[in-house]
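Here is the structure we will look at.
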Amino acid sequence: MLRSPKSVLLLSGPNLDILGEREPEVYGQQTLEEHVSAARLAAAGRGLTLDHLQSNAEHVLVEAIHEARGSYGAIIINPAAFTHYSWAIHDALAAFDGPVVEVHLSNPAGREQWRRTSVVSPVATGTIAGFGREGYRLAVEAVAAILDT
């Protein structure tokens, strides 16, 4: 499949499928579907298409990143708990040659000590964290700006 610079792959890691129910005081009351809809709307407004995949399984996300090579212009990823220890996701993202934006609804740097290390950040173009419901839209805006340059 040939790379389309106008296509974005949004990846969501473990437990994000229960957003809105899980710790709403930390992650908000919006569901993952609501976040994805906002991201799709922002993408369409910038002339981008956005595909989404959520998985609680690390290998599924790694395979999706591999398949994105050559077929997507950018990746937005909320690796969730995989942020802190998934060297497999790190390595897969390092092999992707487009922009990668790491996004988090909460601000991991302001939470427990173990959440303050991201193994994804070193291979991401940038990170958006702590903006809650605005995070996915901001990630799309960042990707669109990078792809336009």
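Quick look at the values:
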quantity	calculated
Unique match (being surrounded by fewer than 19 Cβ atoms within 10 Å (Cβ to Cβ) and not in a helix (DSSP H, G or I)) among Ser71, Ser118	Ser71
Single condition Arg40 does not satisfy, out of (1) surrounded by fewer than 16 Cβ atoms within 10 Å (Cβ to Cβ); (2) in a helix (DSSP H, G or I); (3) in contact with a Ser or Thr (Cβ under 9 Å, 6 or more places away or on another chain)	(1)
Given (1) surrounded by fewer than 18 Cβ atoms within 10 Å (Cβ to Cβ); (2) at pLDDT below 95; (3) farther than 21 Å from Ser7 by Cα, number of the condition Asp148 does not satisfy	(3)
In segment 127-145, the residues that are out of contact with any helix residue (DSSP H, G or I) (no Cβ under 6 Å at 6 or more places or on another chain) and either in a helix (DSSP H, G or I) or modelled with pLDDT of 95 or more (or both)	Gly132, Arg133, Glu134, Gly135, Leu138, Ala139, Glu141, Ala142, Val143, Ala144, Ala145
Boolean, Ala64 is over 14 Å from the mean Cα position of the chain (by Cα), in a helix (DSSP H, G or I) and aliphatic (A, V, I, L, M)	no
Within segment 17-37, considering residues that are among the hydroxyl-bearing types (Ser, Thr, Tyr) and assigned to a helix (DSSP H, G or I), the one modelled with the highest pLDDT	Ser37
Hits in segment 49-72 (condition: in contact (Cβ under 8 Å) with a residue 60 or more places away in the chain and closer than 15 Å to Ala92 by Cα)	Gly70, Ser71, Tyr72
Residue among Leu53, Leu10 that alone is farther than 19 Å from Ser121 by Cα and in a strand (DSSP E or B)	Leu53
Filter result for the condition that a residue is over 13 Å from Leu11 (Cα atoms), of a type outside the set (Phe, Trp, Tyr) and out of contact with any helix residue (DSSP H, G or I) (no Cβ under 7 Å at 6 or more places or on another chain), over Ala42, Ala95, Ala64, Ala68	Ala95
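So that you can scan it fast, the table gives a plain yes or no per residue for (1) closer than 15 Å to Val103 by Cβ; (2) in contact with a Lys or Arg (Cβ under 7 Å, 6 or more places away or on another chain):
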{"site": "Thr31", "(1), (2)": "no, no"}
{"site": "Arg40", "(1), (2)": "yes, no"}
{"site": "Arg46", "(1), (2)": "no, no"}
{"site": "Leu53", "(1), (2)": "yes, no"}
{"site": "Asn56", "(1), (2)": "no, no"}
{"site": "Leu61", "(1), (2)": "yes, no"}
{"site": "Gly73", "(1), (2)": "no, yes"}
{"site": "His90", "(1), (2)": "no, no"}
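The values are calculated or read from the model by the stated rules, or taken from the named source; none is laboratory data. Owing to the predicted nature of the structure, the values given are computational and were not obtained by experimental measurement. No Cβ is skipped: glycine too gets one built from the backbone with ideal geometry, and neighbour counts run over all protein chains shown.
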